[in-house]
Amino acid sequence: DLKALVFDPIAPYLQDTEHLLISPDGQLNLLPFEAMQTEAGGEYLVQQYQISYLNSGRDLLKFDVIEPSQNPAVIVANPDYETADGTVVAQGRSTSDNRRSTELSQLQVGPHPGTAAEAEAHSPLLPNAEIHTEDAATDNLLKSEQAPRILHIATHGFFLSNVERPDRNAQFGAGLIASDNPLGSAITPGVVTENPLLRSGLALAGFNTRSSGSEDGVFTALEASQLNLFGTQLVV
């Protein structure tokens, strides 16, 4: 029982606590603590606590120096996967950051019109929100955002299965990691695999045609890790 292993040992220390700061290790990074119940059939943790995740204890140092962002909320939804508006936004990033898995070249996605209704439903809850849809929902746009107060992205996501790369000297135009890396803990020992941050991400405008301004409509998890979200209160 996960609750007995993970939550019960710390429960006695959480009296009068409202905010949990969790720095998970290993496979605990895959556990949504919010969805755990305080007891069988009882409330979920998300109903009792505000929960924040930390990469390490060093993240605590930022809490006193980062003020909540006052920038408008941003909603990105219902991208046109066939075309984009062609707008080029300066990135300030080197081309080495635009790495891709070679397997992505064959990946296609279908329309997702329900996300347009999602954006419309959220807009009254987020006054003054910037809403970007269809051919304006580009990865150029997303990378240019600077710490929106709330960031809501509604689109297709993808995650490609691990693929063994037996040749450690081969170059695939993307990062390789060995299984002794913490991110590769579930990978067969001795096997080199492509960085999973290049094998997962979001589909944005121009994804199917791989044409979106100066980008290609593919927004990888590696690129997401480089967003400026200091002060952002919530990302969905």
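Summary table
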| item | result |
| --- | --- |
| Pairs, first at positive phi in the stretch 61-76, second modelled with pLDDT of 90 or more and surrounded by 10 or more Cβ atoms within 10 Å (Cβ to Cβ), C-beta under 7 Å, six or more apart | none |
| Condition broken by GLN70, with the remaining ones in (1) farther than 30 Å from ASN140 by Cβ; (2) modelled with pLDDT of 85 or more; (3) surrounded by fewer than 11 Cβ atoms within 10 Å (Cβ to Cβ) satisfied | (1) |
| Filter result for LEU20 (of a type in the set (A, V, I, L, M, F, W, C), surrounded by fewer than 10 Cβ atoms within 10 Å (Cβ to Cβ) and within 27 Å of PHE230 (Cα to Cα)) | no |
| Any hit, the stretch 28-36, residues being exposed (fewer than 10 other Cβ atoms within 10 Å of the Cβ), part of a loop (DSSP other than H, G, I, E, B) and either free of Cβ contacts under 8 Å to residues at least 40 places away in the same chain or out of contact with any strand residue (DSSP E or B) (no Cβ under 6 Å at 6 or more places or on another chain) (or both) | no |
| Within the stretch 100-124, considering residues that are at pLDDT 70 or above, farther than 18 Å from ASP135 by Cβ and not in a helix (DSSP H, G or I), the one farthest from the chain's Cα centre (by Cα) | LEU107 |
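The values are calculated or read from the model by the stated rules, or taken from the named source; none is laboratory data. Computed from a predicted model, the values in this text were never measured in an experiment. Positions of Cβ are generated from backbone atoms using ideal geometry, with glycine treated the same way; all protein chains shown enter the neighbour counts.
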